[in-house]
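The values are calculated or read from the model by the stated rules, or taken from the named source; none is laboratory data. Quick caveat: nothing in here was measured; it's all calculated off a predicted structure. All Cβ positions, glycine included, derive from the backbone under ideal geometry; neighbour counts span all protein chains shown. Heavy atoms of the whole protein, side chains included, go into the accessibility calculation; ligands, DNA and RNA do not. Shrake-Rupley method; radii C 1.70, N 1.55, O 1.52, S 1.80 Å.
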Amino acid sequence: DFQVAGIENFNNEACYALKGKNSTSYYSVKMGLKTGEVKTTLGQTVTVKFGDYKEVNGIKLPYQFSQEAEPMNMDFTVKSYDLNKATDADFK
């Protein structure tokens, strides 16, 4: 179960906060896109931030994201997405 908890500042942006039992997802008020999420698992909090959205086959997808989980922080850059490449033969 998730509930809209109002508007909160996340990554220097006004975002709608959707709170669940162990996680909160943030969606930009301005763009409507997911800007990040904070999850707590086994006592550790992991923050993921999404950005640099570009359109691929009519869908906006993030090309940059970062993960903050002490003691390790990681930054990722997506080079490309391949969408809808599966055929019926892939499921046999």
For the stretch 80-92, Karplus couplings with θ = phi - 60° (6.51, -1.76, 1.60), whole Hz, Gly/Pro x: 6, 10, 10, 10, 6, 9, 6, 10, 4, 5, 5, 10, 9
Accessible-area value, Ile59, 1.4 Å probe, nucleic acids and ligands omitted, Å²: 90 Å²
Amide H within-cut-off set for Tyr53, under 5 Å, with H built and near neighbours excluded: Tyr63
Solvent-accessible area per residue for the chain (1.4 angstrom probe, square angstrom): 76 Å²
Magnitude of the charge dipole, the stretch 4-92, Cβ model with Lys/Arg +1 and Asp/Glu -1, debye to 20: 200 debye
For the stretch 59-66, 3J(HN,Hα) per residue [Karplus equation, 6.51 cos²θ - 1.76 cosθ + 1.60, θ = phi - 60°, Hz, x = Gly/Pro]: 10, 7, 10, x, 9, 9, 8, 10
Cβ-derived FRET efficiency at R0 25 Å, Leu61 paired with Ala86, nearest 0.05: 0.90
Vicinal HN-Hα couplings computed from phi for the stretch 3-17 (Karplus, 6.51 cos²θ - 1.76 cosθ + 1.60; Hz; Gly/Pro x): 9, 6, 9, x, 9, 10, 7, 9, 6, 6, 9, 6, 9, 6, 9
Residues of type lysines that Lys34 reaches as a straight line, Cα spacing below 20 Å, ignoring anything fewer than 8 places off in the same chain: Lys19, Lys21, Lys49, Lys54, Lys60, Lys79
Qualifying trypsin sites (Lys or Arg not before Pro) for the stretch 1-74 [loop in DSSP, other Cβ within 10 Å: at most 10]: Lys21, Lys30
Protein accessible area in the chain, 1.4 Å probe - carbon and sulfur %: 49 percent
